[in-house]
1. Which FRET efficiency value, to the nearest 0.05, is calculated for V21 and D44 with the Förster distance at 25 angstrom and r the Cβ-Cβ distance?
2. Which of rounded, prolate or oblate describes region 5-45 when judged by the alpha-carbon gyration tensor and an a/c cut-off of 1.5?
3. How much accessible area per residue does region 30-73 have, counting only protein heavy atoms and a probe of 1.4 Å, in square angstrom?
4. Summing -39500 (n - 2.57) over the DSSP H runs of n ≥ 4 in the chain and dividing by its residue number, what mean residue ellipticity at 222 nm do you reach, to the nearest 500 deg cm²/dmol?
5. Is any residue of region 27-44 close enough, with backbone N under 18 Å, to a label point placed 7 angstrom from the Cα of E80 along the Cα-Cβ axis, and if so, which?
6. If you average the sequence gap of Cα pairs under 8 Å that are 6 or more apart and divide by the length of the chain, what percent do you get for the contact order?
7. DSSP beta bridges in the chain, what fraction antiparallel, as a percent rounded to 5?
8. Rounded to a whole number, what % of the accessible area of the chain do carbon and sulfur atoms account for, probe 1.4 Å?
Amino acid sequence: MLHSIVYVSSAVTLFSAADLVELLRVSRENNARHGVTGMLLYHDGNFIQALEGAPAVVQALSDRIARDPRHAGMITLSRETLEAPRFPTWSMGFRDLTRVAPDEPGVTDLLAEGTSAAAFAANPHRAAKLLLGFRRNLLR
């Protein structure tokens, strides 16, 4: 049985490209070691992340992330049990939405609604749609 958590949060200070590379390096190593898969999106200081794996492992990771001082305002949008992983080959897929082409199909409309934690909390399904949309695009 797999457990999935999707959350949003806001960086306390904007992440540079180097900051994001280091965050991904550490996350990918830790996630691979613990059998966690997922996807992280970043846009203008806001994070959207899906984590999936064994229930106890995902919960412990979510708790650790909630205590990370580099971000604030963490809102859990969904918790669910999965039959199969949505991101099976990624210890942490990533996309910096700040660098997305403004006319990328399906993205512009979702970004226009805002990427703050409050904007996604108002419509949690939009975060899932965005995460899964990038999964499809990155697998092509």
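The values are calculated or read from the model by the stated rules, or taken from the named source; none is laboratory data. This is a predicted model, so every value here is computed, not measured. Backbone-built Cβ (ideal geometry, glycine too); neighbour counts: all protein chains shown. In case anyone asks, the SASA skips ligands and DNA or RNA and just uses the protein heavy atoms, side chains included. Shrake-Rupley method; radii C 1.70, N 1.55, O 1.52, S 1.80 Å.
1. Working: r = 18 Å, r/R0 = 0.71.
That pair, V21 with D44, gives E of 0.90.
2. Details: a/c = 2.80, a/b = 1.45, b/c = 1.93.
Oblate shape, in that a/c is at least 1.5 and b/c is the bigger or equal ratio.
3. Details: 1860 Å² over 44 residues.
For region 30-73, the per-residue accessible area is 42 Å².
4. Mean residue ellipticity at 222 nm (helix-derived): -12500 deg cm²/dmol.
5. 37-41
6. 36
7. Numbers: 24 of 28 bridges.
Here the share of antiparallel DSSP bridges comes out near 85 percent.
8. The C+S portion of the solvent-accessible surface of the chain is 57 percent.
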